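Let me begin by presenting the structure, written as C-alpha cells, before commenting on it.
The values are calculated or read from the model by the stated rules, or taken from the named source; none is laboratory data. Note that the coordinates shown come from a computational prediction; the quantities given were computed from them, not determined experimentally. Neighbour counts are summed over all protein chains in view; Cβ atoms, including those assigned to glycine, are modelled from backbone coordinates with ideal geometry. Accessible surface is based on the protein model in full, side chains and every heavy atom, while ligands, DNA and RNA are left aside. Shrake-Rupley method; radii C 1.70, N 1.55, O 1.52, S 1.80 Å.
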Amino acid sequence: QVQVVESGGGLVQPGGSLRLSCAVSGSIFNIGLMGWFRQAPGKERELVADIGSGGNTKYGDSVKGRFTVSRDNAKNTMDLQMNSLKPEDTAVYYCNADVKRSRLSTWWVEWGQGTQVTVSS
C-alpha cells in the first residue's frame, strides 16, 4: 500500500501566500515524477507543476513566476510554495507521484485526496 497525503490548504487573501506539502509513504522502492494538479468547480483537472527525481521542473502557464515546486527525495515529500495568489487559483489541489513498489514492479501513479485552497477577500 502507498499513501499520498496533502496538507497546507486553507483560506488566503488575494496577493497572499500558502505552502502545500505532499508526503508519500508505505511500500516504496522508488519515486519518479511528482506533481501538483488542481481542479476548480466546473473545470477540468490541470497541471500546476511537476518535478522529476533529479529536480527538473515544469509549470503550468498560469502559475509561472508565482509558484515554486520542490522535493526532498530522502523524505519522499514535495512542497508547493504559492505566492501572489489570485482568486482564480481557488481549487482543490492534488498531489500525485509515480511510484515503484519493488525493483521488479511496474510504475504506478498514486494520487492524494486533495486539499482545498480558497483565495478570497
Which residues, taken from segment 99-121, are free of Cβ contacts under 8 Å to residues at least 60 places away in the same chain and outside any strand (DSSP E or B)? 104, 106
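In this structure, does residue 96 turn out to be without any contact (Cβ under 8 Å) to a residue 24 or more places away in the chain and either over 17 Å from residue 120 (Cβ atoms) or surrounded by fewer than 18 Cβ atoms within 10 Å (Cβ to Cβ) (or both)?
Numbers: without any contact (Cβ under 8 Å) to a residue 24 or more places away in the chain: no; either over 17 Å from residue 120 (Cβ atoms) or surrounded by fewer than 18 Cβ atoms within 10 Å (Cβ to Cβ) (or both): yes.
It is false that residue 96 is without any contact (Cβ under 8 Å) to a residue 24 or more places away in the chain and either over 17 Å from residue 120 (Cβ atoms) or surrounded by fewer than 18 Cβ atoms within 10 Å (Cβ to Cβ) (or both).
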Pairs please, first residue from segment 47-66 and farther than 22 Å from residue 107 by Cα, second anywhere and open to solvent by less than 70 Å² (accessible area, probe 1.4 Å) and in a loop (DSSP other than H, G, I, E, B), Cβ atoms under 8 Å, 6+ apart in sequence or on different chains. 66/83; 66/84; 66/85
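Is it true that some residue in segment 81-92 is of a type in the set (D, E, K, R), in contact (Cβ under 8 Å) with a residue 60 or more places away in the chain and outside any strand (DSSP E or B)?
We begin by selecting, within segment 81-92, every residue of a type in the set (D, E, K, R); these are 86, 88-89.
From the residues that got through so far, the ones that are in contact (Cβ under 8 Å) with a residue 60 or more places away in the chain too are 86.
From the residues that got through so far, the ones that are outside any strand (DSSP E or B) too are 86.
Yes, segment 81-92 has at least one match.
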Just a yes or no: is a residue in segment 53-70 among the hydrophobic types (A, V, I, L, M, F, W, C) and surrounded by fewer than 14 Cβ atoms within 10 Å (Cβ to Cβ)? no
